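Colleague: There's a structure below that I have some questions on.
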Amino acid sequence: MRVHFIAIGGSAMHNLAIALHKKGFTITGSDDILFEPSASRLNKYGILPEKEGWYPEKITADLDAVILGMHARIDNPELLKAQELGLKIYSYPDYIYEQSKNKLRVVIGGSHGKTTITSMILHVLQCAGKKFDYLVGAQLEGFETMVGLTDDAPVIIIEGDEYLASPIDRRPKFHIYKADVGVISGIAWDHINVFPTFENYIDQFRIFSESIQYGGKLIYSQTDEVVNNMVNNLPLDTQKIPYNLPEYIINNGITTIISNNKQYPLQVFGQHNLLNMQAARLVCESLGIDTDSFYEDITSFKGAARRLEVVGKNDSTTIFKDFAHSPSKLKATIEAVKSQYPDRKLVACIELHTFSSLNKDFLNEYAHTMDMADEAIVFIDRKTFEQKQIEPYPTEAVKNAFANEKLMFFNATDNLLEYLKTRDTANCNLLMMSSGNFGGLDLIILKNIFL
């Protein structure tokens, strides 16, 4: 098979390219800009484009498929050439489905927790020695790539994003996979540039639920009112399986699950992670792994990349970094750290970086999300406003939106760093949350300051 990738440098795209290369496919690709680690990883497998840019001459009639990344535009010269030649053009979720339509497909959906639930499932399946394929949105310990495709695995575990599939395929990705087992972890409005109303956003999860194959299973969080109401009102030909928080205790900063009169100390914490764990447990049970075996294996799970990662710690202080950026993720992450360390002061800093989070009409969705932090800080790099062509808004607008008069607001990295240098670090945790990089702030500098 000869497959060409348009916008090969994307996170999922380059991992899919590597996975197909390892299956023996002949892979070519293009991109107008290649960042790390994509460039180095493609180079390792000999499929890095010789130079950046778009080259229609790469699109030839003998290609078996062209895979189009979301980064490409609809007037991309390679795309136009592929359309002219009448080649098969896929989005990456389309092609994942093509590679897995004879397998049992488990699709993890939800506004939050998708990566962690998927990662937990993969960890336990690997511990159990099961054969499986996968697509996950983070680099995991013990997995070389974020996509794994084989001919003989009977099941594939897919992180099911609700964002659009490609520039010419405006379907949410998780509609395409036709799940046999589906998970919905929660619904909290996101991607407002695509889904302009909350009702429209909820509708995408209804369509996902209805796309689950006949006789399949829908595993969903009973603690999420929106999900609960939606699922209960759906006349599905699938088994509906709700989940809730398990029994647990927190002692000396360690969260321990209690099940069947046994205790299982965890390396992760927070109610959101305990809920994620229950979704993962139910998926694994559907794949033949019993509860006791699941909990034994999950005790060694260290968490997904960029989710409550420890930058550094000592006896009285821990510095965390987290990918949280949406209101629901922000609130859950702050509550997790504060509940795990109730006697420590919590300084929490969120960088607003995504299109949705910077949209002034959406900003009020953040109301009260940082109330559990002892010190709440919002950072927006002034360059981000310029790049996204958004008119900057003043400190008072941010404070009003978050409904937090004590909140501090910064739009310059140097000013944020100077403020953090003044904090009393004794018996204090620092939580840095962003899908960006705080304008290039080196968190090792903070480690040296706080510890």
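The values are calculated or read from the model by the stated rules, or taken from the named source; none is laboratory data. In this text, all values refer to a predicted model and were calculated from it rather than measured experimentally. Cβ atoms come from the backbone with ideal geometry, glycine included; neighbour counts cover every protein chain shown.
Colleague: Restricting to region 399-426, what's the tally of residues that are part of a loop (DSSP other than H, G, I, E, B) and either under 12 Å from Val378 (Cβ atoms) or at pLDDT 95 or above (or both)?
Modeller: 5
Colleague: Tell me, which residue of region 427-439 that is modelled with pLDDT of 90 or more and in contact with an Asp or Glu (Cβ under 9 Å, 6 or more places away or on another chain) is surrounded by the fewest Cβ atoms within 10 Å (Cβ to Cβ)?
Modeller: Asn427
For (1) out of contact with any strand residue (DSSP E or B) (no Cβ under 7 Å at 6 or more places or on another chain); (2) over 23 Å from Ser435 (Cα atoms); (3) in the same structural domain as Ser286 (by TED's automatic domain parsing), each residue gets a yes or a no:
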position	(1), (2), (3)
Gly186	no, no, yes
Arg206	yes, yes, yes
Ser209	no, yes, yes
Tyr214	yes, yes, yes
Val226	yes, yes, yes
Asn229	yes, yes, yes
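Colleague: Take region 162-188 and flag every residue that is assigned to a loop (DSSP other than H, G, I, E, B) and either surrounded by fewer than 21 Cβ atoms within 10 Å (Cβ to Cβ) or among the hydroxyl-bearing types (Ser, Thr, Tyr) (or both).
Modeller: Listed by number, the residues that qualify are Tyr163, Pro167, Ile168, Tyr177, Lys178, Asp180, Ser185, Ala188.
Colleague: If you don't mind, another one. Looking only at region 120-136, count every residue that is over 10 Å from the mean Cα position of the chain (by Cα) and either part of a helix (DSSP H, G or I) or closer than 17 Å to Ala12 by Cα (or both) and tell me the total.
Modeller: Result for region 120-136: 11.
Colleague: Same structure, new question: Hey, could you check region 59-82 for residues that are surrounded by fewer than 17 Cβ atoms within 10 Å (Cβ to Cβ) and touching a residue at least 40 places away in the same chain (Cβ under 8 Å) and say which is farthest from Gln267 (Cα to Cα)?
Modeller: Asp62
Colleague: State which residue is nearest to the chain's Cα centre (by Cα) when the search covers only region 1-30 and only residues that are assigned to a helix (DSSP H, G or I) and either among the hydrophobic types (A, V, I, L, M, F, W, C) or within 11 Å of Leu68 (Cα to Cα) (or both).
Modeller: It comes out as Ala12.
Colleague: Just a yes or no: is a residue in region 290-304 surrounded by fewer than 24 Cβ atoms within 10 Å (Cβ to Cβ), under 16 Å from Pro246 (Cβ atoms), assigned by TED's automatic domain parsing to the domain that holds Met120 and of a type in the set (Gly, Ala, Ser)?
Modeller: Yes, region 290-304 has at least one match.
Colleague: Looking at Leu85, Leu122, can you tell me which residue is free of Cβ contacts under 8 Å to residues at least 40 places away in the same chain, closer than 30 Å to His325 by Cβ and not hydroxyl-bearing (Ser, Thr, Tyr)?
Modeller: Leu122 is the lone residue from the list that is free of Cβ contacts under 8 Å to residues at least 40 places away in the same chain, closer than 30 Å to His325 by Cβ and not hydroxyl-bearing (Ser, Thr, Tyr).
Colleague: Check whether at least one residue in region 42-60 is modelled with pLDDT of 95 or more, under 23 Å from Glu159 (Cα atoms) and either of a type in the set (Phe, Trp, Tyr) or out of contact with any Cys (no Cβ under 7 Å at 6 or more places or on another chain) (or both), and report yes or no.
Modeller: Looking through region 42-60, at least one residue is modelled with pLDDT of 95 or more, under 23 Å from Glu159 (Cα atoms) and either of a type in the set (Phe, Trp, Tyr) or out of contact with any Cys (no Cβ under 7 Å at 6 or more places or on another chain) (or both).
Colleague: Kindly evaluate Gly253 against the criterion of being touching a residue at least 24 places away in the same chain (Cβ under 8 Å) and at positive phi.
Modeller: Answer is yes for this residue.
Colleague: Could you list, in sequence order, all residues of region 200-216 that are over 22 Å from the mean Cα position of the chain (by Cα) and surrounded by fewer than 20 Cβ atoms within 10 Å (Cβ to Cβ)?
Modeller: Answer for region 200-216, where residues must be over 22 Å from the mean Cα position of the chain (by Cα) and surrounded by fewer than 20 Cβ atoms within 10 Å (Cβ to Cβ): Glu210, Gln213, Tyr214, Gly215.
Colleague: Evaluate region 271-285: report whether one residue or more is assigned to a loop (DSSP other than H, G, I, E, B), of a type in the set (A, V, I, L, M) and crowded, with 21+ Cβ neighbours inside 10 Å.
Modeller: Within region 271-285, not a single residue is assigned to a loop (DSSP other than H, G, I, E, B), of a type in the set (A, V, I, L, M) and crowded, with 21+ Cβ neighbours inside 10 Å.
Colleague: Something else about it: Quick one: in region 395-408, of everything that is within 15 Å of Glu351 (Cα to Cα) and not basic (Lys, Arg), which residue is surrounded by the most Cβ atoms within 10 Å (Cβ to Cβ)?
Modeller: Filtering first and then ranking leaves Phe402.
Yes or no, residue by residue, for (1) of a type outside the set (Val, Ile, Thr); (2) under 22 Å from Leu68 (Cβ atoms):
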residue	(1), (2)
Val124	no, no
Thr145	no, yes
Tyr177	yes, yes
Val181	no, no
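Colleague: Within region 427-436, count every residue that is in a loop (DSSP other than H, G, I, E, B) and within 17 Å of Leu308 (Cβ to Cβ).
Modeller: Number of matching residues: 2.
Colleague: Looking for something β-branched (Val, Ile, Thr) and surrounded by fewer than 23 Cβ atoms within 10 Å (Cβ to Cβ) - is there at least one such residue anywhere in region 32-43?
Modeller: Yes, region 32-43 has at least one match.
Colleague: Taking the criterion of being among the hydrophobic types (A, V, I, L, M, F, W, C), more than 27 Å from Asn228 (Cβ to Cβ), more than 14 Å from the chain's Cα centre (by Cα) and not in a loop (DSSP other than H, G, I, E, B), would at least one residue in region 191-198 satisfy it?
Modeller: No, region 191-198 contains no residue that is among the hydrophobic types (A, V, I, L, M, F, W, C), more than 27 Å from Asn228 (Cβ to Cβ), more than 14 Å from the chain's Cα centre (by Cα) and not in a loop (DSSP other than H, G, I, E, B).
Colleague: Could you look through region 223-260, keep only residues that are part of a loop (DSSP other than H, G, I, E, B) and modelled with pLDDT under 95, and pick out the one that is farthest from Ser328 (Cα to Cα)?
Modeller: Asp237
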